[in-house]
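The values are calculated or read from the model by the stated rules, or taken from the named source; none is laboratory data. Because the structure is a prediction, the values reported are computed rather than measured. Counting neighbours? That spans all protein chains shown, and the Cβs are built from the backbone with ideal geometry, glycine included. Heavy atoms of the whole protein, side chains included, go into the accessibility calculation; ligands, DNA and RNA do not. Shrake-Rupley method; radii C 1.70, N 1.55, O 1.52, S 1.80 Å.
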Amino acid sequence: MTVVLGPNRYGKAETRVVRVTRDGEVHHLKDCNVGVSLSGAMEDVHRSGSNAAVLPTDSQKNTVYAFAKKYGIGQIEEFALLLARHFVESQPTIHHARVVVEEYSWERRGPHSFARSGTETRTCAVHHDRDGTSTVVSGLRDLVVLNSTGSEFHGFVQDEYTTLPPATDRVLATAVTARWRHVPAAGQAQPDFGKSYDEVRRCLLEAFAGTHSLSLQQTLFAMGARVLAEREEICEVRLELPNKHHFLVDLSPFGLDNDNEVYFAADRPYGLIEGTVLNDDAPDAGPAWD
Ligand SMILES: O=c1[nH]c(=O)c2[nH]c(=O)[nH]c2[nH]1
């Protein structure tokens, strides 16, 4: 038996970069967290300790800051692609780059004053390979949504441990994590990532609000299917939906009824509903989800 080096990658995780663009009195803000993972001719560094093929993670971090200055940060997907292409194209020993970016949103409060808005975070993960191919997955997490009616859950399996009463009118709440894969762009042409993000987010919210739900699984499928029906630049959607349970409080000890008005919002444990919705002719995903 011989021991071999399996898949590996290395890079700088969580480079926090805040880019201020000064437009006279009015400033614009981009607040991001960037992760770089590189792979390639890395046999030697693992086996003999030679660092000759290694671009230090410190240099990767510096590149993030230098690119933020030189090119600004527009759509996070564009910034990630710029970085990923740079690492692969400038370093012969780097054959593949993965760049992930999270963007935290700030609400404008004045020409140069901002307030952090909500909990929602925009995300992307980009891969670029030496053969010139790129994959782009965009996403969001912690988009917290709630329907106070229009949700049921009944007809489920009953075993000796089942105590859950069937529900014909319950609260449905979740914190959406969604990621969606873009159809590979021809050449260097890329979609309008900003518009695409806004539209996918709208589709997710409309499908959540507009689906009379018999389960969170059914809602998940409806959300993914809505995105695919409306957005031709997207071929696959992956969703993670924690079921943020809202339990009716028993008010009978106080002589009060509770006609779906007072709930206890539990934080754990929670059901976790995960699923992929994709076009049956979606092109091969390659490393997009790695
Ligand atoms: O929408 C739901 N799906 C489930 O699978 C499930 N299981 C559970 O206890 N409650 C719910 N709700």
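Quick look at the values:
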read-out: Violating pairs (Cα-Cα greater than 19 angstrom) within the set Lys30/Lys69; Lys30/Lys244; Lys30/Lys61; value: Lys30/Lys244
read-out: For Leu248, distant residues with modelled amide H under 5 Å away; value: Phe264
read-out: For the stretch 67-129 versus the stretch 1-39, the gap between their alpha-carbon centres in whole angstrom; value: 7 Å
read-out: Counted charge near Val17, where neighbours are those whose Cβ lies closer than 12 Å (Asp, Glu -1; Lys, Arg +1); value: +2
read-out: Solvent accessible area, Å² - Thr162, 1.4 Å probe, full protein context; value: 40 Å²
read-out: For the stretch 92-151: Kirkwood Rh in Å [reciprocal of mean 1/r, alpha carbons]; value: 14.8 Å
read-out: Alpha-carbon Rg with Dmax, taken over the stretch 139-290, Å; value: 18.5, 69
read-out: Solvent exposure, largest accessible area first (probe 1.4 Å, DNA, RNA and ligands not counted), of Met1, Met42; value: Met1, Met42
read-out: Net charge, Leu146 excluded, C-beta distance under 12 Å - Lys, Arg +1, Asp, Glu -1; value: +2
read-out: Radius 15 Å from Cβ of Thr2, net charge of other residues (Lys, Arg +1; Asp, Glu -1); value: 0
read-out: Computed Kirkwood radius, in angstrom, where 1/r is averaged over Cα pairs of the stretch 33-127; value: 14.9 Å
read-out: Solution diffusion estimate, µm²/s, Stokes-Einstein, the chain, Kirkwood Rh from C-alpha pairs, 10 °C, viscosity 1.306 mPa s; value: 73 µm²/s
read-out: Gained length - Ala186 relative to Glu240, 0.36 nm times residue gap less alpha-carbon distance; value: 16.5 nm
read-out: Stretch gain in nm, segment Leu272-Thr133, where the contour uses 0.36 nm per residue and the Cα spacing is subtracted; value: 46.7 nm
read-out: Stokes-Einstein translational diffusion, the stretch 209-290 - Kirkwood Rh over all Cα pairs, 0.692 mPa s, 37 °C, in µm²/s; value: 210 µm²/s
read-out: Residue-span extension gain [Asn279 to Val26] - 0.36 nm each, minus C-alpha spacing; value: 86.7 nm
